[in-house]
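Below is one structure, written out as structure tokens, with a few remarks after it.
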Amino acid sequence: MIRTALLTVSDRTSSGEREDRSVQGVRELLAKGPFVEVDYLVVPDEQAMIRSKLRLLSDVDGVDLVLTTGGTGLGPRDRTPEATLDVIERLVPGLAERMRSVGAQHDPKASLSRAVVGIRRATLVVNLPGDGDGAVHALGAVIDVLPHALAAMRSQGTAAAPAER
Amino acid sequence: MIRTALLTVSDRTSSGEREDRSVQGVRELLAKGPFVEVDYLVVPDEQAMIRSKLRLLSDVDGVDLVLTTGGTGLGPRDRTPEATLDVIERLVPGLAERMRSVGAQHDPKASLSRAVVGIRRATLVVNLPGDGDGAVHALGAVIDVLPHALAAMRSQGTAAAPAER
Amino acid sequence: MIRTALLTVSDRTSSGEREDRSVQGVRELLAKGPFVEVDYLVVPDEQAMIRSKLRLLSDVDGVDLVLTTGGTGLGPRDRTPEATLDVIERLVPGLAERMRSVGAQHDPKASLSRAVVGIRRATLVVNLPGDGDGAVHALGAVIDVLPHALAAMRSQGTAAAPAER
């Protein structure tokens, strides 16, 4: 069982101006298991607020997986990757590469996602695009390896060494 | 209309020892529009000089797009990616990944390009390889999404937030 | 001739608890030349020790190529990419991307490798996964371009400029 938190990053959804357009497709994919949604949060495109929520979900709640949606584009307010880079200890570049390369088979604009994937403590953080189709294609490209990722993170009897940097 | 500057990075072209071998193919691709060449500069492979020109083109001239050619390889003088990393505020890794993966279908050595793509203020900086065929294949791999990239950078009524880092 | 050092990163191999499971396949690939094995070291998954060996192999021994195996996964002790990032002066991201994308054609879990490739002085450092098949597939994906990489690093009459950062 993978305890999963969803973090939607969007000025308009946060202000109530717009419904969350990406979360439904993400939830349908997760329903195939072994993912269990334990939290759902919405924040505006503010780097400090995104960062703060990621820290909370990892350090206090100890969720296994955080899926962010939104804020990965080239717009002036898009800072989800930067907020993620601020808090992760180790990058997992191959998952971001795969989301983009598989996504680009559906839509070449998937190459423009600046999504980051990384590890903070025992939590894997995965950035997904904010548009519904993009989020579903990106998550679909890696969902089968996420359980292996989480299993690897939990492996080895040795206590987790604190990150050096 | 995308106001585009070309920045050739090459010791030999800068000293007049050799013609610019990559710029002609790049210009032919750009001619299909909506790109308008507004500047063309040549600098030697000096990190500080490349950095300085990138800052000038972005901060003073306010061009939309800078295409650099050269200095992306593994030679001891190749520092264009480092100069680009010095000045950009946000990475766009998917465009660099796509240039390499599509380029490698033509020539496996395209994997050796250390090209970086990123945003400084309202300017997108794209590193291209220095050899003519490599530059054309790399640019050809992303040229169709560049107008979408620029449109995204200009989107949203909110003023561009200054980069936090 | 490419003077090559093998650096196995594994707590269990280092303690003698387990044989080195990846090195044999790597050696078979290298035997096709032009690679000559000049050193073989085993260290535990300790970031400082990995870093120290990489510095030694580059700065003192001056080997052309270091192939590390192990420590690239998501386990709490996996720190080979971080140790590599600590010592390299310039990234070569395309080789890491290619190892993952070609590797994923054999096994989707290859996307989970956090491998880094980079240059320190005149030495190219390539991280390979720790499992035997993964290491062979990863190395096989790039072995044909490694001689071109080393030739490029040695090219140009100008003395290697010291890295600015």
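Counting only helical runs of four or more DSSP H residues, what would the 222 nm mean residue ellipticity of chain B come to if each run contributes -39,500 (n - 2.57) and the total is spread over all its residues? Spell out each step's value before the answer.
Values: 7 runs with 63 residues, N = 165.
Helices in chain B give a 222 nm mean residue ellipticity of -11000 deg cm²/dmol.
Could you rank the peptides C:55-64, C:78-87 by their average count of other C-beta atoms within 10 Å per residue, with the highest value first? Don't skip to the answer; put the middle values down first.
On the way: C:55-64: 16.9, C:78-87: 23.9.
Ranking, from highest mean packing down: C:78-87, C:55-64.
What aspartates and glutamates could a cross-link reach from A:K109, if we take a straight Cα to Cα line under 18 Å and drop same-chain neighbours fewer than 8 places away?
A:D78, A:E97, A:D131, A:D133, B:E97, B:D144
Show me the ranking of peptides B:45-52, B:66-73 by mean Cβ neighbours inside 10 Å, starting with the highest. Write down the numbers at each step before the final one.
Values: B:45-52: 19.1, B:66-73: 28.1.
Descending mean neighbour count gives B:66-73, B:45-52.
Using a 10 Å cut-off around each Cβ of peptide A:95-101, what is the average number of partner chain Cβ atoms that fall inside?
Values: counts 5, 4, 11, 7, 2, 6, 9.
Taking the mean over all residues of the peptide, I get 6.
Counting Lys +1, Arg +1, Asp -1, Glu -1, what net charge surrounds B:V38 among other residues with beta carbon under 12 Å of its beta carbon? Walk me through the intermediate numbers first.
Working: positive: B:R3; negative: B:E37, B:D39, B:D61, B:D64.
Once positives and negatives cancel, what remains is -3.
When each copy gets a label point 7 Å from Cα toward the beta-carbon at A:R154, what are the spacings between them in nm, shortest first?
Values, ascending and in nm: 5.0, 5.0.
So what are the ³J(HN,Hα) numbers for the stretch A:116-125, from phi and the Karplus equation (6.51, -1.76, 1.60; θ = phi - 60°), rounded to whole Hz, Gly and Pro as x?
10, 10, x, 10, 10, 6, 9, 10, 9, 10
When the Kirkwood hydrodynamic radius is evaluated over all pairs of different C-alpha atoms of the stretch A:12-121, what value in angstrom, to one decimal, is obtained?
The answer is 15.0 Å.
Going 7 Å from Cα along the Cα-Cβ axis for the label, what nanometre distances separate B:Q24 from the same residue across the other copies?
Relative to the other copies, B:Q24 has label-point distances of 5.6, 5.6 nm.
Order A:89-96, B:32-39, B:137-144 from most to least packed using the mean count of other Cβ atoms within 10 Å.
Values: A:89-96: 22.2, B:32-39: 14.2, B:137-144: 20.1.
Top of the packing list down: A:89-96, B:137-144, B:32-39.
Rounded to whole Å, how close does chain C get to the rotation axis onto A by Cβ? Give me the residue too, please?
Rotation axis C onto A, closest Cβ, rounded to whole Å: C:E97, 3.
Can you work out ³J(HN,Hα) from phi for every residue in the stretch B:69-76, in order, using Karplus 6.51 cos²θ - 1.76 cosθ + 1.60 and θ = phi - 60°, giving whole Hz and x for Gly and Pro?
Per residue, the Karplus-derived 3J(HN,Hα) values read 10, x, x, 9, x, 9, x, x Hz.
For a test of the definition: using alpha carbon positions, the gyration tensor, and the 1.5 limit on a/c, classify the protein assembly as shown as rounded, prolate or oblate. Let's see the in-between values first.
On the way: a/c = 1.79, a/b = 1.00, b/c = 1.79.
It is oblate, given that a/c is not under 1.5 and a/b is not larger than b/c.
Choose one of C:L29, C:L57, C:L85: the residue whose Cα lies farthest towards the positive end of the charge dipole of the stretch C:7-165 (beta-carbon charges +1 Lys, Arg; -1 Asp, Glu; about the Cα centre).
Value: C:L85.
Please report how far the C-alpha centroid of the stretch A:121-140 lies from that of the stretch B:67-111, rounded to the nearest whole angstrom.
26
Any idea what the C:G132 label distances to the other copies are, label 7 Å down the Cα→Cβ vector, nm, shortest first?
Copy-to-copy label distances for C:G132: 5.0, 5.0 nm.
Nearest 0.05, what FRET efficiency do C:R12 and C:S155 give at R0 = 51 Å with Cβ-Cβ as r?
0.80
With both partners inside the stretch A:24-155, how many of the DSSP beta bridges are antiparallel, as a percent to the nearest 5?
Details: 6 of 11 bridges.
The antiparallel proportion sits near 55 percent.
Using a cut-off of 11 Å between beta-carbons, work out the net charge of the residues near B:D20 (Lys and Arg +1, Asp and Glu -1, B:D20 not included).
Details: positive: B:R12, B:R18, B:R21, B:R27; negative: B:E19.
That sum, taken over residues with Cβ under 11 Å, equals +3.
I want the local charge near B:A115. Using Cβ-Cβ distances under 11 Å, sum +1 for each Lys or Arg and -1 for each Asp or Glu among the other residues. Walk me through the numbers before you get to the answer.
Details: positive: B:R98, B:R100, B:R114; negative: B:D78, B:E97.
It works out to a net charge of +1.
In square angstrom and rounded to 100, what buried accessible area do you get between chains C and B, total over both, with the probe at 1.4 Å? Don't skip to the answer; put the middle values down first.
Values: alone 8670 and 8680 Å², together 15380 Å².
Counting protein atoms only, the buried area is about 2000 Å².
Please list, in chain and number order, the residues 5+ apart from C:R90 or on another chain whose amide H is under 5 Å from its amide H, with Hs placed from the backbone.
Under 5 Å from the amide H of C:R90 lie the amide H atoms of C:I119, each far enough along the sequence or on another chain.
From Cα pairs below 8 angstrom and at least 6 apart in sequence, can you work out the relative contact order of chain A, rounded to a whole percent?
Working: 307 pairs, mean separation 42.7, N = 165.
So the answer I get is 26 percent.
The values are calculated or read from the model by the stated rules, or taken from the named source; none is laboratory data. Just so we're clear, the structure is a prediction, and the values are computed from it rather than from any experiment. Here Cβ is always computed from backbone atoms with ideal geometry, including for glycine, and neighbour counts include all displayed protein chains. Surface areas here come from the heavy atoms of the whole protein model, side chains and all, with no ligands, DNA or RNA. Shrake-Rupley method; radii C 1.70, N 1.55, O 1.52, S 1.80 Å.
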